[in-house]
Amino acid sequence: MFQLLCAYLMDIEHIAVIGSGQMGNGIAQVAACAGYNVTMVDIKQEFVDKGIETITRSLERLVSKERMSQEDANQAVSRIQTSTDTVSCANADLVVEAIPEIPELKFSTFSQLDSICKESTILATNTSSISIDSIAASTNRPQNVIGMHFMNPVPIMKLVEVINGSDTSNEVTSAVLKAAEKMGKTPLMCNDSPGFVSNRILCPMINEAILTFQEGVAEPEAIDGIMKLGMNHPIGPLALSDLIGNDTVLHIMNVLYDGFGDEKYAPAPLLIQMVEEGKLGRKSGEGFYSY
C-alpha cells in the first residue's frame, strides 16, 4: 500500500494554486507552461480574472520575444481553470498556497485544504518565512506538507527554495523537486528554520543597509550604487526592500528576531517608522525612493 502511495505521489498531473496575485498567477503560469492542468483559486472572481489577464500579458510578451510560440501560449492558458471555491482543489495532486504572509490565514487555509483534498494530495506553501512545521500542525498530514518558495517574478527567476518540515516525507520532497524541475526551475533544499536560507541571509543585509542610511553614513543612491558596482548585485538593498515591500521585510526581520532571540536580527528603527508611515515601497509609491 505504501509503495503504491509513493508511486502516486510521484505522478503529479493536476496542480491547484491558492491565490491569484503576483506570486499565485506566476506559479499558475509556469505550471501550465510545463504541461500541468492548473486550477487557480481566489476569494473573488475579479481577483482570478485579473490573474488570468496578467498571465495572458506575460505570455504575449514571451511570444513577442520569440521565446514561445503563440500555439504554446494558447495551450498554456487553456490548461488553467479558475475558481472562487477551495472545493475545486479536492482532486489536485499538488496544492501550492500563495496567499498573504499572515500566519492565522495560512493555518486556517491549510486546515481547510486538509479536510477537502484527497489523502495523497501534497500541500505546499509559498511562504517566505513562516514555519513549515507550524503550518503542517494545522493539518492531519504533516508528512505531506512542504515549503515551495518561488522567487519574484516567478516566470523569470529560476530558484525554488524547497523547505522540508520535520515530518515531510522523502517521497513528497522527491515529488516536489521533480515538479519544480518540470516547471523549468532549479529547486534547492533546506530544512525548516526561521527565514529558511534565502531570507535569513538577505533580509539582515537589507536591514544593515537601512541602519547604514539611518546613521547618516550614506544616501540611498550611494548605498545601492556601492553594492551594485562593488559587489555585483543586480539591484541595491534599499531598492530591493522597496521592491519586496518594506512591510514584508519588517515581518521577516520580526520572524528572525523572535525565532533566534538575537539582537542582530532586531529590525532597524527607521524600517519600523517607515512601515508605520505607510512608506512600503513600490506598492505604496514611496519608500527609500519615490515611484
Point to revise | Selected residue (only one of SER198, SER290 is under 20 Å from HIS149 (Cβ atoms), polar (S, T, N, Q) and either under 20 Å from the mean Cα position of the chain (by Cα) or modelled with pLDDT of 95 or more (or both)) | key: SER198
Exercise for review: Would you be able to tell me the number of residues in the stretch 47-89 that are surrounded by fewer than 16 Cβ atoms within 10 Å (Cβ to Cβ) and either assigned to a loop (DSSP other than H, G, I, E, B) or not assigned by TED's automatic domain parsing to the domain that holds PHE110 (or both)?
Suggested key: 6
Check your understanding: In the stretch 68-105, which residue that is of a type in the set (D, E, K, R) and out of contact with any Lys or Arg (no Cβ under 9 Å at 6 or more places or on another chain) is nearest to ASN126 (Cα to Cα)?
Key -> GLU101
Exercise for review: Go through the residues of the stretch 42-60 one by one and say whether even a single one is more than 21 Å from THR84 (Cα to Cα) and among the aliphatic types (A, V, I, L, M).
Suggested key: yes
Revision key, fill the gap. Over the stretch 111-131, the set of residues closer than 21 Å to VAL48 by Cβ, touching a strand residue (DSSP E or B) at 6+ places or on another chain (Cβ under 6 Å) and among the hydrophobic types (A, V, I, L, M, F, W, C) is LEU113, LEU123, ALA124
Study note, to complete from the structure: Over the stretch 249-274, the set of residues buried (at least 21 other Cβ atoms within 10 Å of the Cβ) and either among the polar types (S, T, N, Q) or farther than 14 Å from PRO204 by Cα (or both) is MET274
Review point. When both residues are 6+ apart or on different chains and their Cβ atoms are under 7 Å apart, which pairs have a first residue that lies in the stretch 261-278 and is without any contact (Cβ under 8 Å) to a residue 60 or more places away in the chain, and a second that is outside any helix (DSSP H, G or I)?
Key: MET274/GLY287; GLY278/SER284
Review point. What helices (runs of 4 or more DSSP H) completely inside the stretch 185-291 contain at least 3 residues that are within 24 Å of ILE132 (Cα to Cα)?
Key: 198-214, 246-260
Exercise for review: Give the residue that is farthest from ILE156 (Cα to Cα), with candidates limited to residues of the stretch 172-188 that are under 15 Å from the mean Cα position of the chain (by Cα) and not small (Gly, Ala, Ser).
Suggested key: VAL176
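The rows are residues; the columns are (1) surrounded by fewer than 24 Cβ atoms within 10 Å (Cβ to Cβ); (2) within 16 Å of ILE252 (Cα to Cα); (3) at pLDDT 95 or above; (4) hydroxyl-bearing (Ser, Thr, Tyr).
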position	(1), (2), (3), (4)
ILE102	yes, yes, no, no
PHE107	yes, no, yes, no
SER111	yes, no, yes, yes
LYS118	yes, no, yes, no
LEU123	no, no, yes, no
SER128	no, yes, no, yes
ASP133	yes, no, yes, no
ASN144	no, no, yes, no
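The values are calculated or read from the model by the stated rules, or taken from the named source; none is laboratory data. Quick caveat, the model's predicted, so the values are computed rather than measured. For neighbour counting, all protein chains shown are included, and Cβ atoms are generated from backbone atoms with ideal geometry for every residue, glycine included.
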